[in-house]
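Since the structure comes first, as structure tokens, the remarks are kept for the end.
Nothing in this text is a laboratory measurement; each read-out follows from the coordinates by a stated rule. Everything numeric here is computed off the predicted structure, so don't read it as measured data. In this analysis, Cβ positions are derived from the backbone assuming ideal geometry, glycine residues included, and neighbour counts consider all displayed protein chains.
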Amino acid sequence: MICDFCSSPNIIASYPCKDFTVGDVFGSEGGWTVCEDCMKLIETGDRSRLLHRSAIKYFKVNFPGQPIPDELFRVVKNWIELLHEKFWENFESKEGIA
Ligand SMILES: [Zn+2]
């Protein structure tokens with residue numbers, strides 16, 4: 001398992017979440033697993049930092065070592081923002097992972 005926000009392998013908790021879709025493109029089933037850093041941002045409600053972190057990590061994971069074009073970054077960040085908005089609407093309090 002990896003963190004559903006930043007792809008870190010260091011998972012420490014899971015947030016049960018209702019299933020949802022974003023348009024016809026993306027969807028989510030079941031809970032979202034999180035690393036410690038992302039969990040802190042969720043627990044403090046820091047949506048903008050969580051969003052920025054997820055967008056940056058997306059490029060680091062998928063295009064390692066490459067520069068991030070501004071326009072593409074904005075597009076990806078917008079999509080992630082739609083996903084995150086649904087997460088914020090649908091998640092429940094976290095559960096620890098043993
Ligand atoms: Zn994370």
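Summing Lys, Arg as +1 and Asp, Glu as -1, what charge do residues with Cβ under 15 Å from the Cβ of E92 carry, E92 excluded?
Numbers: positive: K18, K86, K94; negative: D4, D19, E29, E43, E89, E95.
So the surrounding residues net to -3.
Which cross-chain or sequence-distant (5 or more) residues have an amide H under 5 Å from the amide H of F5, H modelled 1.01 Å from N in plane?
C35
Mean-square fluctuation check for the chain, GNM, Cα pairs under 10 Å: which of E85, E36, E71 is largest?
Between E85, E36, E71, it is E71 that shows the largest mean-square fluctuation.
Which value, in debye to the nearest 20, describes the size of the charge dipole of the stretch 11-93 about its Cα centre when Lys and Arg Cβ atoms bear +1, Asp and Glu Cβ atoms bear -1, and nothing else is charged?
Values: 10 positive and 13 negative charges, 58 e Å.
Using Cβ point charges on Lys, Arg, Asp and Glu, the stretch 11-93 gives about 280 debye.
Starting from the amide H of D46, placed 1.01 Å from N in the peptide plane, find each other amide H under 5 Å away whose residue is 5 or more places distant or on another chain.
Close amide H contacts, sequence-distant or interchain: none at all.
Student exercise: in the chain, how many lysine pairs 8 or more apart or on different chains have Cα atoms under 20 Å apart?
10
Over the stretch 11-93, what is the mean sequence separation of C-alpha contacts under 8 Å (at least six apart), divided by residue count, expressed as relative contact order in percent?
Numbers: 77 pairs, mean separation 30.6, N = 83.
Relative CO of the stretch 11-93 lands at 37 percent.
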